[in-house]
Structure formats: C-alpha cells, structure tokens
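For reference, the structure is listed below as structure tokens.
The values are calculated or read from the model by the stated rules, or taken from the named source; none is laboratory data. Since the structure is predicted, the reported quantities are computational estimates derived from the model, not experimental observations. All Cβ positions, glycine included, derive from the backbone under ideal geometry; neighbour counts span all protein chains shown.
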Amino acid sequence: MNRILAVVVVAVLAGLQVAGWWWFNRPVPVELSFAEPFPSVSFAPFRRGQSPLTQDYPPPEQVAEDLRSLAGVTKGVRTYTSLEGMEVVPKLAEELGMEVIHSAWLGEKPIVNRREVEALIAAANKYPNSIKRVIVGNEVLLRQDLPVEDLINHIRTVKSRVSQPVSYADVWAFWLKYPQLANEVDFITIHILPYWEDEPIGVEGSARHIVDIYRRMAETFPGKPILIGEAGWPTRGRSRGPAVASMENGARFVRTLAQVSKENGFDYNVVEAFDQPWKARMEGTVGANWGVVDSDRRVKFAMSGPVEPSPFWPRHAAAAAALGTIAALGFLLRGSARYRFGAGLTVAVLAQIMAGLVVWQAVNAQAVAFDLTDEVWAWVRTGLQAALALLLVRAAAVGFAEGAAPVADRRAERLVPFYAIAAIVASTLLLVHGRYRDIPNLEFLVPCLGVTAYGLARMAVLRLDWRNAFAVGRLFGGASEGGFVPARAMTIGLALAAFASLLSEAVALARGDDFVVSHPAFSDQLPLLLRGMWINQEMVTWAAMVLLMALPYLADWRLNRKVG
C-alpha cells in the first residue's frame, strides 16, 4: 500500500467513524408530550464537590440561582431538610410565587432530629404564604433509622405547632407495613419508583404501575389525600431487570407521569430537579442521575419532541476520528514497513476501532466521576485502556507488515491477563452486592472487543486458525511451547464469572422483601428468578463480554493440550 492510498483509506475510515457516532446518537422519537409546569419537583441544589456527607452545603447565592432557574418549570418545590442551606428556600419561594413542601430530615441522631423539627416548625409559622404543606421524615422506616413510635412522636410534635397539613414520606409499600401512620397525618406521601421496585418495572409499564399503586393506596386509606412525593427515572447507570436507565427512558417516564397524573387528578412531585453527584457514593452512578437538569445545569430533555442520547457526540466523534487517524498513519507511513492492501486496510480499521472504543470509555468514565478523586481515577482507567489499544494496533502493524518478524511485547502480555482478573473480580462483586454497583461493560471495551477484533484480524491477515490467532501466549509475538501457564484456570474462572453475573440478578430479586411476600411459594419464585437472569440486557451483554474475554485463554489451553 503506497502512501497516497494509505492516506485516502485512513480518511475514508475517519469519515465512517464520525458516521458511526452520528448513527448511534441520532435523536430518539418519544411520542408523549406535556407542556404544563410540574406541580412540584424535589429541590436539593448540590453540585460537584458538595455533599451532605462532608457537610459541604450549597451557599445561599447558589440556592437562589437554582431556585430562580426553576421558575416557570414548576409551580413548587419539595425540600428534604429544614437546615443545611435550605433555610433560605421559603423566603425565596415566596418572592418567586412558588409553593414549598418543606421537610424535616430525620435520622439516627436525636439531637439533629430535634433541630430539624424545630427549624421546620419555625419556618412553617414564619412563611405560611409559601410553605403550604410539611413533611416530617423521608424514608425513615425504609432505612430503619427510627422505630415507628419515635417517628409518630415527631409527627405529633409538628402537627400540634403548625397550621399546615402534615405528612410523612416513604415508599408506598412501607405505608402498607405501617398503616397506623395514616391516623397521624393529614395526607399520605408515597414514593412510586418503578426502577427501584423489588421486581423492577420497565418504563413501558410505568403508567399502569403508577395508576395501580395510587388506587391501591386510595382504597387502603379511604378519605386520605395522597401526594406522590417521588416519581422519576434515572438517565444514566446500571439496568435493573427490564428497567433501563437512559436519557430516552427518563424523558418518557416524566412525560408519562405528567400525563397520567393530569388524566387521573393525581398530585405529584418529580424526583428530581438536579442531578445529585454526591449520591454516587451510596447508590452508584444511577443514584446521581435522576435530575431533569444535570449537575452542570444543562436541561437534559424537553417535555416534547425527540430526545438526544448525547448532545456532545460531534466532539466525541471528532476525537475518535483524530486519534484513529494519527495512530493509523503513524504506523502505516513509518520507515520501510510495507503492507499489502488487505493488511494495511486492516491496520487502519483496527486503529479506528480502538480509537472509538477508547473515546467511548473515556466519555463514560468522566460522566460517572463526581469529584476530583473520581476524575483522576477516570483518567487512570482511560490511560490503561488507551495503552492497551495502542499496543494492539502496534502489534498488528508490526505483525502484518511484509517480511516483518513479530516481536514479543511484554507490556501487552501483562495487560490482557490484568483485565481478565479484573473482570472476574467485578462479576464476583455484582453477585455479592450488585444493587447499586455499575455493570462495567464500558470499562472493558478494549480488553474485550479490541482484543477480539485483533484476534479476528490475525485470522484474516495471517491465515491462522482460531487457536493460533487468539492464544493469549501468542497474541503479541510470544511462542513459548508451554503457552500461558494459567490458561485453563483463567478460562474456567471467566466462565464462572459470566454465570455469576447472570446469577446476580436472580440473587438481587430473591433478596427483596416485597418479592418474597408477593411470591411466598418457591414454585412461583423459580420462573421469575430464571427470567430475572436473562431479562436484563445490559447484564447479559456483560456476561457475553466476559465469555469473549475467555477466548484467548481457551485458545491457549486447547492449543497446548493439542501440542501435549
């Protein structure tokens, strides 16, 4: 392949790279639309680096800026604490003509609880024009922070000293577990979160779920007004069964909630206004991404029209195309290396594939980084994948050149097993406690898809059978007769890790209290548990990736068994 042809080929492939990014980031049609303001949204104006866990709270000017940004979007806001910087909300809301559902956060510390309750009472009495309802405690029973008797005492204290209607907020199922609470409150505040149900519900079934739960609560507690205090959908993070976190599903759910509530006369509050980066520490990526506005204060989606999966795809596409072009030309035009057309084309294709995978991983790694430490760790992970990608392209460029003798590359020979061990560890952690743990598909793009693409290229260009093309001991020029010593153990370990990943979904389902109550007989549970192992497409994809990562070890194992 001469230089001019190489440049033309690389340019065409760069164009295809950009076209691929465009194709997978096209606006997704969402038929539902809703043009009216929300009745209320959850308001917690934390930004990157701020967290109640570190007691770094939003300053008053930031609270004011964020609250003003919601004017016209919502008629009111729901707070979760009467302290921690939220003291300024009632006055600001009064100036903006917004209503407030003000709250006291209750936890395990009695001193803090008393401060919260007193601050709530004082605010409710001082700002009756903006504070229309109050909530004493949020998911206290779910977290098991207080016994129900102590919670009732706090509710009674507030109720005796304010004029506004008083409630307590929790997941709908906990109202059924503690029905005595209904006698203590003026209205019932329930959380309906199909994504977090013990038996997760896909966004397609969310409308029916909302209606069914609301009606069930109305029948159980006749005459009590009901507020859907939290209803929303995550836009990024792991899938749970059929419940997929995505920008499209976030938009679809919020529009569905608004439409269903209007049709049925439901009072509701959207969770939440802004993404909460700090929640990633407790709930993983998914916990930080429930806002209709992201942590950089960009609106994620409109309430009508198509939804863009990633509005920044052009810069990502340009970065991938540029990296792939530099890598391809750097190897194809170097020194005296000569390539047949097919070999040169394969090197250029591999360069673009690797570049696309690295940029894809980098975009995700930065998106799930919620403070400086996370960002540094994200760049470390990206650097490791970029190094492996470069080594794979280099191995192809060296091995596919005419008359070139392959040179063993010890760096790549170490990186590939490192990622295999990491995949086994990740799958084990998903099995042990995976509810809030990210499914790491995008963290293994190059070790899985990149290595597989390189192995297939070796089969095509060097005319090798699958064992010689993929054997981990020969991928990068090694040809020792003993092969990769732990190939058998790694093959078995990765196969078990793939099964553990699928099993983790069944285990998570079986641990749900509501699941056990709803299906007490094992004969009823078993079909649902088996279905749970396959219905999460993201987890199935991860299991398939783990099996694909086992291929180089299986090839090495089989190759050396044959030799032996």
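Condition first: more than 22 Å from E31 (Cβ to Cβ) and either touching an Asp or Glu at 6+ places or on another chain (Cβ under 8 Å) or acidic (D, E) (or both). Now tell me which residues in the range 193-211 satisfy that. Selection gives L193, E197, D198, E199.
State whether the residues of the range 302-325 include one that is among the hydrophobic types (A, V, I, L, M, F, W, C) and either under 23 Å from L67 (Cα atoms) or modelled with pLDDT under 90 (or both). The answer is yes, given that some residue of the range 302-325 is among the hydrophobic types (A, V, I, L, M, F, W, C) and either under 23 Å from L67 (Cα atoms) or modelled with pLDDT under 90 (or both). Just one residue in the set R161, R156 is surrounded by fewer than 22 Cβ atoms within 10 Å (Cβ to Cβ) and assigned to a helix (DSSP H, G or I); that residue is R156.
Yes/no matrix, rows are residues, columns are (1) touching a strand residue (DSSP E or B) at 6+ places or on another chain (Cβ under 8 Å); (2) buried (at least 17 other Cβ atoms within 10 Å of the Cβ); (3) within 22 Å of M247 (Cβ to Cβ); (4) not assigned by TED's automatic domain parsing to the domain that holds A351:
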residue: Q17; (1), (2), (3), (4): no, yes, no, no
residue: W21; (1), (2), (3), (4): no, yes, yes, no
residue: E36; (1), (2), (3), (4): no, no, yes, yes
residue: P39; (1), (2), (3), (4): yes, yes, no, yes
residue: P45; (1), (2), (3), (4): yes, yes, yes, yes
residue: G49; (1), (2), (3), (4): yes, no, no, yes
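The combined condition, being in a loop (DSSP other than H, G, I, E, B) and surrounded by fewer than 16 Cβ atoms within 10 Å (Cβ to Cβ), is fulfilled by G403. Checked against (1) without any contact (Cβ under 8 Å) to a residue 24 or more places away in the chain; (2) within 23 Å of V271 (Cα to Cα); (3) not acidic (D, E), P147 passes all but a single condition, namely (2).
With respect to L551, determine if the residue is in a helix (DSSP H, G or I) and out of contact with any Phe, Trp or Tyr (no Cβ under 6 Å at 6 or more places or on another chain). Taking the combined requirement at face value, the residue does not satisfy it.
Here M282 clears all of (1) hydrophobic (A, V, I, L, M, F, W, C); (2) assigned by TED's automatic domain parsing to the domain that holds A35; (3) part of a loop (DSSP other than H, G, I, E, B) except the condition numbered (3). There is no residue in the range 340-349 that is crowded, with 19+ Cβ neighbours inside 10 Å, of a type outside the set (F, W, Y), within 25 Å of P440 (Cβ to Cβ) and at pLDDT 90 or above. Within the range 96-113, residues that are aromatic (F, W, Y) and at pLDDT 95 or above have Cβ atoms under 9 Å from residues that are in a strand (DSSP E or B) and surrounded by 11 or more Cβ atoms within 10 Å (Cβ to Cβ) in these pairs: W105/G137; W105/N138, counting only partners at least 6 apart in sequence or on another chain.
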